[in-house]
Amino acid sequence: MNRKKLNALCVLAFLLAGLSVTAQNEIAIKPLSGELNFDGQVSEPEWKLSQDFQMMMHYPVYNNTPTEKSEVYITFDDTYLWIGAVLHYNDINNVVSTSKKRDEVSENSDAFGIVLDSYNDNENGLAFFTMPSGLKIDYAISNDGQGGGPGPGGSKNYTWNSYWDVKTVTTENAWHVEMRIPFSSLRFQSVNDITKMGLIINRNISHRNEIATYPAIDTKYGRDANLRPSLSQTIVFEGIKSRNPVYISPYVLGGTSKNYELNENGTEYVSNNDPEFTGGLDVKYNLNNNLTLDFTVNTDFAQVEADDEMVNLTRYSLFFPEKRLFFQERSGVFSFDLGGPQDLFYSRNIGISPQGDVVDILGGARLVGRAGKWDIGFLNMNTQKYNGSPAENFGVARLRKQVINENSYVGGIVTSRIDFDGNYNVAYGLDGIFKLTDVDYLDVKIAQTQDKNTDAETMSLDPTYMAIGIERRSEKGIIYQGKYAYWGKSFDPKAGFMFLNNIHETRGQLGYGWFPAEKSPVFNGYLGVDFEMTSRIEDGEIENMEISPEFKMDFKNGYGFFTSLGFKKESLLWDFHLGEEAFVPAGDYTYWNFRGMLFSPRTKKLVTSMGLGLGEFYDGNKFSLELEPELNVSASLQLSATYQLDKIEFSTRNQKFTNNIARVKATYMLNTKVSVSSFVQYNELDNIILTNLRLRYNPRDGNDFYFVFNDLRNADKSGANPKLPKYLSRTVMLKYTHTFRL
């Protein structure tokens, strides 16, 4: 064999090795032998006969022996998956329990839980966690945990809720956990009566700032690596069945709203009372082990928490995350990522106007699940006509298939937005993500849109989006990312969310990450440079460009910081207005600015993050400050605040822009079933104060009583003509939902 053929075979072998399925040992879960008393204490001998799991340290030193001993057992019967844990302490006084609230997102308490990749697809997971107080935390994980979360582009969805139970007991040397998760709450698929799932077990030891996991998970895979489905251990069940129940959840809602609006002459504010008494229905039917069908009629979201106030210092639209429960289950299936929060499908277009007003949803249906290696998603919703706009229908259909290896997919999507005046917008696309090596991924996408009011040929690039990207999902050694995207001038998915079209987009990252020795106080560090540029297709000019050298470091005690120095170039075709008294004239600009972030340990009672930005801003100067303190007073009381200051000055034009946003939030938890949360937000730019109060009583999963109070008022009434009312709008609502299981 000549050298050329030998080299070719070596290259081929390398590629096939990268694309092959990585074999791993599978653990068979033993069925329950006998009965368990569900009282929170892992004391029955039946636990000792089930499968036990040896946990190892994940953070701060990978693969070390944890400082505290853990006993974890998993078994199952005909109805439930059972998880038991005895979490020992050398000194029980070190147990930290800081909350009783459902779906707590803070990290400063001891915690225990599992992540189940119930379809064993190495990308999606369901998390079930608790704390010593016995609260319930459940959330859905998508996109293999990439993007962190919650928040824009995040992969952890805390709005997702399921039906399961947990009890805890604290003894003289440990706290005990018993979880039982009905198989009817898990979507899974069986082949020849064999079911495979991915499993990750997590324990947080707060006083040690420590995380232990099973299996052992290397921290090189980045933040939240301990929650990534692709790094889970495969476990095997034999003979499990889902009962496929039907959940029927009717609700009743009553309340009143009072709004003040200017009369036709603009001489005074007049009140408009809007009493409301209504009801609706949600139905969830598990068609089989792996497909769930949901129906909704007269959908209501009165209990959803208000969005955080934000100030927009960019030329592009702000993104607000989805918080409504109906759109949460396996929502990652519907994602067709266009970069950052941009997506071909954005569920907040359904039932919320661009101004943030509620639009009545008449009803709809959703089907999600998995069949073989196919992810399936279908959704169709109808909204009522609103403020002169016609009623609309929204649709999305999504298919993705696992190919080549456990982390590679190809798929397609179709979205539609059709109003009852005959206008339509349709988007469709194909995508693929391919795992090349343990940490290297290739991402390819192509999509088009068709709109009744846009004249664009299907075979042209005008209505087309194309992208190709490659990235290394690791925080150790050489780190890189590269992406090119093309946005045609007619590409406009109206059922989705995006910033801009008619552009070329290029992004890149190159850096180096390291993990010092075990005895070093430093956990990890990173030094690199980010590059991003968008250029207009129409004239070839740069729309915006930024080159940012970056440096960050995290310490094992929980402190961390991030700094970057950015060089920016921007081209404005039109004036860019900041409020009423300041603007940036059209033209070309180059400028520098500095950004920095400082984080305190998340495991302390008082947690703080601080952000600082300073430097140039177009032809002016900018100073930004952001503070986010959180105080966990006790397991019953939490206080938090956010303060953001943006101060911009254009000295050559004698213009100034200043905005303050302040937010104060308090949460009181009587127990794990009753909580009251309240927050007040102030936005100087809009000159408003928004108050929200929400009481929730949740006696069991599926049954909820809410009392909601919202108040919106102008912050400055002095000198206003006509005279402003005491408040602009006020809403009081009561809502009760009761779920029947058939």
*asked:* Please go through the range 488-542 and give me each residue that is assigned to a loop (DSSP other than H, G, I, E, B), under 26 Å from the mean Cα position of the chain (by Cα) and of a type in the set (Gly, Ala, Ser), ordered by number.
replied: ALA495, GLY496
*Examine the range 174-188 for a residue that is of a type in the set (Lys, Arg), within 30 Å of THR65 (Cα to Cα), assigned to a strand (DSSP E or B) and out of contact with any helix residue (DSSP H, G or I) (no Cβ under 9 Å at 6 or more places or on another chain), and state whether such a residue exists.*
yes
*Give me the pairs: first residue in the range 36-60 and touching a residue at least 40 places away in the same chain (Cβ under 8 Å) and closer than 13 Å to LYS167 by Cα, second residue β-branched (Val, Ile, Thr) and surrounded by fewer than 19 Cβ atoms within 10 Å (Cβ to Cβ), beta-carbon distance under 9 Å, and six or more apart or on different chains, which are they?*
ASP39/VAL169; GLY40/VAL169; GLN41/VAL169; GLN41/THR171; VAL42/VAL169
_Can you tell me which residue is modelled with the highest pLDDT among those in the range 340-384 that are within 19 Å of the chain's Cα centre (by Cα) and surrounded by fewer than 19 Cβ atoms within 10 Å (Cβ to Cβ)?_
ARG348
*Quickly run through the range 69-104 and pick out the residues that are among the charged types (D, E, K, R) and over 21 Å from GLN233 (Cβ atoms).*
ASP77, ASP78, ASP91, LYS100, LYS101, ARG102, ASP103, GLU104
*Counting only residues that are basic (Lys, Arg) and not in a loop (DSSP other than H, G, I, E, B), which one in the range 719-738 is nearest to the chain's Cα centre (by Cα)?*
LYS735
*Pairs, first over 22 Å from TRP175 (Cα atoms) in the range 203-224, second part of a helix (DSSP H, G or I) and small (Gly, Ala, Ser), C-beta under 8 Å, six or more apart*: ILE217/ALA225; ASP218/ALA225; THR219/ALA225; ASP224/GLY145
*Taking VAL105 as meeting all but one of (1) part of a loop (DSSP other than H, G, I, E, B); (2) hydrophobic (A, V, I, L, M, F, W, C); (3) buried (at least 19 other Cβ atoms within 10 Å of the Cβ), write down the number of the exception.*
(3)
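Within the range 554-574, can one find any residue that is of a type in the set (Asp, Glu), assigned to a strand (DSSP E or B) and either touching a Gly at 6+ places or on another chain (Cβ under 7 Å) or without any contact (Cβ under 8 Å) to a residue 12 or more places away in the chain (or both)?
Here is the first cut: in the range 554-574, the residues of a type in the set (Asp, Glu) are 554, 570.
Now restrict to residues that are assigned to a strand (DSSP E or B): 554, 570.
Restricting the remaining residues to those that are either touching a Gly at 6+ places or on another chain (Cβ under 7 Å) or without any contact (Cβ under 8 Å) to a residue 12 or more places away in the chain (or both) gives 554.
Checking the range 554-574: at least one residue is of a type in the set (Asp, Glu), assigned to a strand (DSSP E or B) and either touching a Gly at 6+ places or on another chain (Cβ under 7 Å) or without any contact (Cβ under 8 Å) to a residue 12 or more places away in the chain (or both).
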*Please state which one of LEU116, LEU135, LEU126 is hydrophobic (A, V, I, L, M, F, W, C), assigned to a loop (DSSP other than H, G, I, E, B) and modelled with pLDDT of 85 or more.*
LEU135
*Counting only residues that are among the β-branched types (Val, Ile, Thr) and surrounded by 14 or more Cβ atoms within 10 Å (Cβ to Cβ), which one in the range 231-272 is nearest to ARG741 (Cα to Cα)?*
ILE248
*Please work out if TYR158 is in contact (Cβ under 8 Å) with a residue 40 or more places away in the chain and farther than 29 Å from HIS207 by Cα.*
no
*In this structure, does TYR409 turn out to be over 18 Å from PRO493 (Cα atoms) and among the hydroxyl-bearing types (Ser, Thr, Tyr)?*
yes
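Yes/no per residue for (1) in contact with a Phe, Trp or Tyr (Cβ under 7 Å, 6 or more places away or on another chain); (2) modelled with pLDDT of 85 or more; (3) closer than 24 Å to TYR269 by Cβ; (4) surrounded by 15 or more Cβ atoms within 10 Å (Cβ to Cβ):
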{"residue": "SER677", "(1), (2), (3), (4)": "no, yes, no, yes"}
{"residue": "ASN683", "(1), (2), (3), (4)": "no, yes, yes, yes"}
{"residue": "ASN692", "(1), (2), (3), (4)": "yes, yes, yes, yes"}
{"residue": "ASN698", "(1), (2), (3), (4)": "no, yes, no, yes"}
{"residue": "GLY702", "(1), (2), (3), (4)": "yes, yes, no, yes"}
{"residue": "ASN710", "(1), (2), (3), (4)": "no, yes, yes, yes"}
{"residue": "ALA720", "(1), (2), (3), (4)": "no, no, yes, no"}
*asked:* Scan the range 627-638 and tell me whether some residue there is over 14 Å from VAL664 (Cα atoms), in contact (Cβ under 8 Å) with a residue 40 or more places away in the chain and surrounded by fewer than 16 Cβ atoms within 10 Å (Cβ to Cβ).
replied: yes
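Take the conditions farther than 30 Å from GLY560 by Cβ and at pLDDT below 95 and apply them to ILE688. Does it pass? Steps first, please.
Details: farther than 30 Å from GLY560 by Cβ: yes; at pLDDT below 95: yes.
For ILE688, the condition - farther than 30 Å from GLY560 by Cβ and at pLDDT below 95 - is met.
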*Of all residues in the range 411-435, which are at pLDDT below 95, surrounded by fewer than 17 Cβ atoms within 10 Å (Cβ to Cβ) and over 21 Å from ARG348 (Cα atoms)?*
ASP421, GLY422
_Scan of the range 426-451 for residues that are in contact with a Pro (Cβ under 7 Å, 6 or more places away or on another chain) and not small (Gly, Ala, Ser), ordered by number_ = GLN448, THR449, GLN450
*For the range 355-372, enumerate the residues that are in a loop (DSSP other than H, G, I, E, B) and touching a residue at least 60 places away in the same chain (Cβ under 8 Å).*
ASP360, GLY372
*asked:* Looking at PRO699 and the list (1) farther than 24 Å from GLY254 by Cα; (2) over 25 Å from the mean Cα position of the chain (by Cα), which single condition is not satisfied?
replied: (1)
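Scanning the range 206-263 for residues that are among the hydroxyl-bearing types (Ser, Thr, Tyr) and in contact with a helix residue (DSSP H, G or I) (Cβ under 7 Å, 6 or more places away or on another chain), which turns out modelled with the highest pLDDT?
Initially, the range 206-263 is screened for residues among the hydroxyl-bearing types (Ser, Thr, Tyr), giving 206, 213-214, 219, 221, 230, 232, 234, 242, 247, 249, 251, 256-257, 260.
In the following step, the residues that additionally are in contact with a helix residue (DSSP H, G or I) (Cβ under 7 Å, 6 or more places away or on another chain) were identified as 213, 219, 221, 230, 242.
Numbers: THR213: 97, THR219: 92, TYR221: 91, SER230: 91, SER242: 76.
Taking the candidates together, the pick is THR213.
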_Which numbered condition in (1) surrounded by fewer than 19 Cβ atoms within 10 Å (Cβ to Cβ); (2) of a type outside the set (A, V, I, L, M); (3) under 19 Å from SER142 (Cα atoms) is the only one that ARG398 fails?_
(1)
*asked:* Of everything in the range 689-742, what is within 17 Å of ALA302 (Cα to Cα) and among the β-branched types (Val, Ile, Thr)? Give them in sequence order.
replied: THR691, VAL708, THR731, VAL732, THR737
*asked:* Any residue that is without any contact (Cβ under 8 Å) to a residue 60 or more places away in the chain, crowded, with 19+ Cβ neighbours inside 10 Å and polar (S, T, N, Q) - is there at least one of those in the range 454-461?
replied: no
*Pick from THR608, THR667: which is among the β-branched types (Val, Ile, Thr), surrounded by fewer than 16 Cβ atoms within 10 Å (Cβ to Cβ) and within 25 Å of the chain's Cα centre (by Cα)?*
THR608
*When you scan the range 51-71, how many residues do you find that are of a type in the set (S, T, N, Q) and crowded, with 17+ Cβ neighbours inside 10 Å?*
1
*Give me the pairs: first residue in the range 401-424 and assigned to a strand (DSSP E or B), second residue modelled with pLDDT under 90, beta-carbon distance under 7 Å, and six or more apart or on different chains, which are they?*
LYS401/LYS373; LYS401/TRP374; GLN402/ASP121; GLN402/LYS373; TYR409/GLN402
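The values are calculated or read from the model by the stated rules, or taken from the named source; none is laboratory data. None of these values were measured; they are calculated from a predicted model. Using ideal geometry, Cβ is built from the backbone for each residue, glycine included, and neighbour counts are taken over all protein chains shown.
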